Structure formats: C-alpha cells, structure tokens
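Read-outs: derived from the displayed coordinates by stated rules, not from any lab. This is a predicted model, so every value here is computed, not measured. Here Cβ is always computed from backbone atoms with ideal geometry, including for glycine, and neighbour counts include all displayed protein chains.
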Amino acid sequence: MIRFRELERVKLRDGVLVQGLPGIGLAGKLAVDYIVRELKLPKVAEAYIDGLMLHANVAVFVDDEAIIKLPTYDFYLFRGGERDALFLTAPAQPVAWMQYEVAEQVLDYFQSIGGVEVIGVCGTTMGEGEGVYFAATSWETREELIGLGFKPSPGGVITGACGLLPALAHLRGMKAFVLMGYVSQPELDPIAAKHLVQALARILGIQVDTRNLDALIEEVKRKEREVSEMMEKIKEELEERTKGRRFVPPFYV
C-alpha cells in the first residue's frame with residue numbers, strides 16, 4: 001500500500017526532483033534535510049508506504065504528547081526564478097522488495113505535477129578523497145557534469161533508492177543522474193553532506209548558507225578527537241599495567 005496525500009496542489013515549472021534518503025554517512029539525507037531547513041521550504045505532499053520500516057522493525061513514532069505518527073516520504077517545494085525543485089526526504093528507505101513499486105509511484109506523482117528531471121544524492125566510499133562524484137544516465141549528462149567540475153564515478157554499484165529512482169526516471173525519458181559525496185566515515189559525515197549541498201546549490205542556482213553545517217562539522221571533529229584521546233589514554237594505561245610481565249601461555253589438560 002502506497003498512499004499519497006497532497007497538502008498543497010502544485011504545478012512545477014521545468015521541475016527537478018532531488019531525493020536524499022538515509023544511506024552511507026547519511027550524506028544525502030543530511031544534505032536535503034539541511035536545504036529544507038535552511039530555506040524553510042513548505043511541505044506540499046507526503047506518502048504513506050507499508051514498506052517504510054525503520055531500524056529494528058520500528059513502525060511508528062510516538063511524540064512527547066503521546067501522539068502516534070507514521071514515517072512518511074516527505075516532499076518540499078522550492079520555487080526558483082526559472083524552474084522549481086521538489087526535495088524528497090524520509091526517515092528510512094523502503095524494504096528491498098518495495099523499492100521498484102515505490103520509485104515508480106514517486107515518478108508518477110512527480111510527472112503529474114510537471115517534473116522533468118531527477119537527481120539522487122547519497123554518499124560513496126569509492127573515489128580518491130573529498131569531493132562530489134557522479135553517475136549519469138546519458139553521455140550528454142556525463143559531459144555536462146564534468147563541465148561543472150564533478151568527478152566521474154570510478155565504477156561499482158549504487159545500492160537502494162539513490163540509484164534506482166534516477167535509473168527508472170531515465171527509462172521514462174527524463175534527464176537523471178546521481179551525485180555522491182565522498183564519505184570517510186559510515187555513521188555521519190557532514191563534510192560529504194556539505195559538498196552535496198554546495199553541488200546542488202550550483203546546479204539549481206540557489207543560495208544556501210552552510211555556516212550551521214560548518215558548526216556540525218566542527219562538533220563531529222571535536223568528538224572524534226575526544227574519542228581518539230580516550231583510546232590513546234586507555235592504550236597507555238594497559239601498556240603500563242603489563243610492563244615487565246612475562247606472558248605465560250595457557251595450558252590445557
């Protein structure tokens with residue numbers, strides 16, 4: 001079951017869909033969530049999906065007023081000078097066997113309101129350091145992205161919705177590609193997210209202040225330093241305790 005609920009009926013001008021869902025380093029989701037929050041974009045639609053299960057089979061949220069809320073695909077609208085963008089985010093990706101159905105229905109909705117281009121944003125561990133890599137669905141788009149200064153993906157695979165939605169959009173005749181921020185840590189990588197925010201700002205012609213993201217980057221770095229210092233201290237204490245002790249192998253009878 002996939003149920004769309006329109007909060008506002010919109011008509012896009014040369015519409016672009018930007019999808020950022022949870023994935024490696026949370027790079028894509030963090031980038032899209034950040035743009036939505038910084039630009040205070042209005043939510044215009046949401047989708048209830050029976051295959052949208054959170055970690056450990058969590059099915060619903062309960063807020064601090066004891067109200068149950070279902071996880072949803074959320075669509076936010078940006079009105080540009082010449083073209084519009086629809087930003088898609090969610091707290092989770094659909095389960096594997098629902099990915100195709102969900103992607104097709106998202107594209108049905110998107111095209112029905114004037115959508116013509118799809119961008120998937122996510123993280124990648126493939127590459128040679130910080131920056132934004134891409135995977136295109138056509139040679140023409142590939143050359144365009146190289147001209148913008150993005151790096152071609154060295155190859156491999158893209159898991160989940162990030163690659164699937166653009167691939168299916170291409171089959172419908174839409175321009176589509178994936179932008180991937182290089183991820184150095186799998187849990188949370190705000191540096192990769194910042195690169196994606198800056199890339200999207202260039203492509204879409206929008207202004208996004210990244211100072212709050214810079215603050216998050218510094219906070220993550222500070223915590224990394226604290227953990228590193230703590231581990232070094234533990235290592236030194238263990239070495240001190242075992243100094244001069246002769247290792248005696250265990251005996252088995």
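Just a few scattered comments:
- Per-pair calculated FRET efficiency, R0 = 41 Å: Val95 and Met230 via Cβ, rounded to 0.05: 0.65
- For the chain: lysine pairs under 19 Å (alpha-carbon distance), excluding those fewer than 8 apart on one chain: 16
- Applying 0.36 nm per residue to the separation of Glu187 and Ile67 and subtracting their alpha-carbon distance, the gain on full extension is 40.3 nm.
- Dividing the mean sequence gap of close Cα pairs (under 8 Å, 6+ apart) by how many residues the chain holds gives a relative contact order of 23 percent.
- In the chain, excluding the sites themselves, the longest stretch lacking any of the GluC sites (Glu not before Pro) that are in a DSSP loop with at most 10 other Cβ atoms within 10 Å is 188-253.
- Beta bridges per DSSP with both ends in the chain, % antiparallel, nearest 5: 55 percent
- Count Lys and Arg as plus one, Asp and Glu as minus one, and take only other residues whose Cβ is under 14 Å from that of Val121; the net charge is then 0.
- Linear extension gain, Arg9 paired with Ile206, 0.36 nm per residue minus alpha-carbon span: 68.6 nm
- Per-residue Karplus couplings for the stretch 173-184, computed as 6.51 cos²θ - 1.76 cosθ + 1.60 with θ equal to phi - 60°, are listed in order as x, 8, 5, 7, 6, 10, 10, 10, x, 5, 10, 9 Hz, Gly and Pro entered as x.
- Against the chain, whose longest principal axis comes from its Cα atoms, helix 27-38 is set at around 60 degrees.
- Basic side chains Lys and Arg get +1 at the Cβ, acidic Asp and Glu get -1 at the Cβ, and with that the dipole of the chain about its Cα centre reaches some 180 debye.
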